[in-house]
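These notes concern the structure reproduced below.
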Amino acid sequence: MSETLPPKTCSIDRLVTVEDDIAKVISGEKTATRRNGRYADPGEIMELRGHKFEVTRVYQQSLGELTDEAVKAEGFENVEAYKNYILSMHAGMPWSPHMKVWVHEFRAV
């Protein structure tokens with residue numbers, strides 16, 4: 001039985017927009033992205049520079065649950081590198097272990 005997800009808060013075309021992240025997705029180095037909202041449903045197709053990727057899983061996670069292994073799917077070596085990247089893009093954003101984010105996992109099709 002699949003989990004019922006709440007309505008999306010944004011569209012899939014906004015899921016991965018930073019040029020470095022797009023390159024990581026296309027190269028296969030990035031197979032997941034975390035957002036503060038839900039941008040896609042499982043089964044939806046994201047297109048980046050002519051390459052297609054299917055969203056395979058969407059779920060919530062707290063920042064305190066992040067592990068070095070989990071952020072490797074984001075294309076980062078460890079949680080600290082991922083945290084620094086996120087905070088560099090969102091100046092003043094708090095980093096609370098209890099803050100929830102939406103994880104979107106995808107694969108090339």
**OP:** Let me know the volume per residue of the alpha-carbon convex hull for the range 33-87, in Å³.
**Re:** 102
Original post:
With springs only between Cα atoms under 10 Å, which of Thr33, Thr17, Thr56 fluctuates most in a Gaussian network model of the chain?
Top reply: Thr17
**OP:** Describe numerically, in nm with one decimal, the distance between label points set 7 Å from Cα along Cα→Cβ at Glu47 and at Asp20.
**Re:** 2.8
Original post:
Per residue, what volume in Å³ does the Cα convex hull of the range 69-109 take up?
Top reply: 93
Original post:
Which percent of Cα-Cα pairs in the chain sits in each 10 Å bin, short to long?
Top reply: 14, 49, 33, 4
Original post:
Once you put a point 7 Å from the Cα of Asn84 and another 7 Å from the Cα of Lys8, both along the Cβ direction, what distance in nm separates them?
Top reply: 3.4
Original post:
Pick from Gly50, Gly28, Gly75: which is most flexible by mean-square fluctuation in a GNM of the chain where alpha carbon atoms under 10 Å apart are linked?
Top reply: Gly50
Subject >> Calculated log₁₀ intensity ratio I(q)/I(0) where the Debye formula runs over C-alpha points of the range 4-52, q = 0.13, 0.14 Å⁻¹ >> reply: -0.30, -0.34
Original post:
Across the range 87-104, in residue order, what do the Karplus-derived ³J(HN,Hα) couplings come to in whole Hz, using 6.51 cos²θ - 1.76 cosθ + 1.60 with θ = phi - 60° and x for Gly and Pro?
Top reply: 5, 5, 8, 10, 4, x, 5, x, 10, 10, x, 8, 5, 9, 10, 9, 9, 10
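We did not get these values from a lab; they are worked out from the coordinates using the rules stated. Here the structure is a predicted model, which means the values were calculated and not measured. Neighbour counts are summed over all protein chains in view; Cβ atoms, including those assigned to glycine, are modelled from backbone coordinates with ideal geometry.
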